[in-house]
Structure formats: structure tokens, C-alpha cells
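Scroll down for the structure; my scribbles are underneath it.
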Amino acid sequence: MKKKGPTLHKEMEFVEEMGVAFENFGLGRMAGRILGWLLICDPEHQTSAQLAEKLKASKGSISTVTRLLAQMGFIKRVTISGHRATYFKFTTTSWPEVIRRKIDGILQMKTLAANGLKILEGARPQQRERLELMKEFYTFMGQEFPAMINRWDDHRKKLER
């Protein structure tokens, strides 16, 4: 059943707002639009063709961006028995997974700062200061993000009860 009028308009406003938010995060407007639609669509799974039609986008753009979103853990490919098409579905575990992947990047930045400090061993304190601050920042974030994810996991378990 196709939706009409205000409901469809509000849904597409949401999709566009997600697009702008993702663009502001540096992930691209189409990534946000696809994710926005997959968050609110019914049924919860959509083919590439359905996404292209709903979002008025090219199949190539949908293909490229769904691959990116799947790699990032936001969506997953699913198949449905009796259907030849591949569907895409939002993964309910994606939000913490994205942060878990960021933790790897945080640890990499901390290591880079430490390596830079080794290079500048014996250098003036003013020259080392930027790298020391960088290392401290990423050390702090490397401790805080895992703790937040653990608290989220505990909170989610309480929600599921």
C-alpha cells in the first residue's frame, strides 16, 4: 500500500535530514538518505531497485553507498526464501559497532602520537607539546569509548527485559 500526503512528506523530510546529518559527519548525503529510509521503511528490508526508486537515485549510486554502509556495519545484505533479489536491512547493533570500529582508529592515532614523540625525543618541550596533547587525548578517548560501549550494552540488556 503506497503512502500518500503528509505521512510520505514527513518520511521524506526525515530521510533528507538524515542525509544532511551524514554529510555533516563527512559520510555523504546519500549514505544518510539510505540509512534514513532503512530506519523507517516498511517492510524493513529493501532491494537496490526499491531504494533507487524511493530515493530517486541511480542504481550505481545505491550500489556504491550500500556497499560502504555494509562495510561500516550500518546495514546488512539479507536474502528471503523464495526471492531472487538481495535486500538491505538496517542492523540494530550498528550504532555501537560503528563506535567500536572508531576505537581502532583512536588506538592507531595514539600509537602515531607515541611514534612521533620517539622521533622528537630530546627536542624542545614546545616542539613536543602538540604530540603529547594528541597522545593524551587519544589515550583518554581510548579509555572512555570502550567504557561507554560497555555501559550501553548493559543498558540495552535492561531494555530487552
Q) Can P43 be described as surrounded by fewer than 18 Cβ atoms within 10 Å (Cβ to Cβ), part of a helix (DSSP H, G or I) and either touching a strand residue (DSSP E or B) at 6+ places or on another chain (Cβ under 9 Å) or touching a residue at least 40 places away in the same chain (Cβ under 8 Å) (or both)? A) no
(Q) Contact list please: Cβ distance under 7 Å, first residue in region 19-34 and closer than 11 Å to A57 by Cβ, second residue at pLDDT 95 or above and part of a loop (DSSP other than H, G, I, E, B), pairs at least six apart or on different chains. (A) M30/A57
Q: Tally the residues that are touching a residue at least 24 places away in the same chain (Cβ under 8 Å) and touching a strand residue (DSSP E or B) at 6+ places or on another chain (Cβ under 9 Å), restricting the search to region 87-144.
A: 4
Q.
Filter region 21-40 down to the residues that are buried (at least 18 other Cβ atoms within 10 Å of the Cβ) and more than 12 Å from the chain's Cα centre (by Cα) and list them by number.
A. M30, R33, W37, L38
Q. How many residues does region 86-112 contain that are among the aliphatic types (A, V, I, L, M) and farther than 16 Å from N150 by Cα?
A. 4
Q) So which residues in region 48-84 are small (G, A, S), modelled with pLDDT under 95 and under 20 Å from the mean Cα position of the chain (by Cα), if there are any at all? A) A70, G73
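The values are calculated or read from the model by the stated rules, or taken from the named source; none is laboratory data. Nothing here was measured: the structure is a model prediction, and the numbers come from that model. A quick note on method: Cβ atoms are made from the backbone with ideal geometry, for glycine too, and the neighbour counts reach across all protein chains shown.
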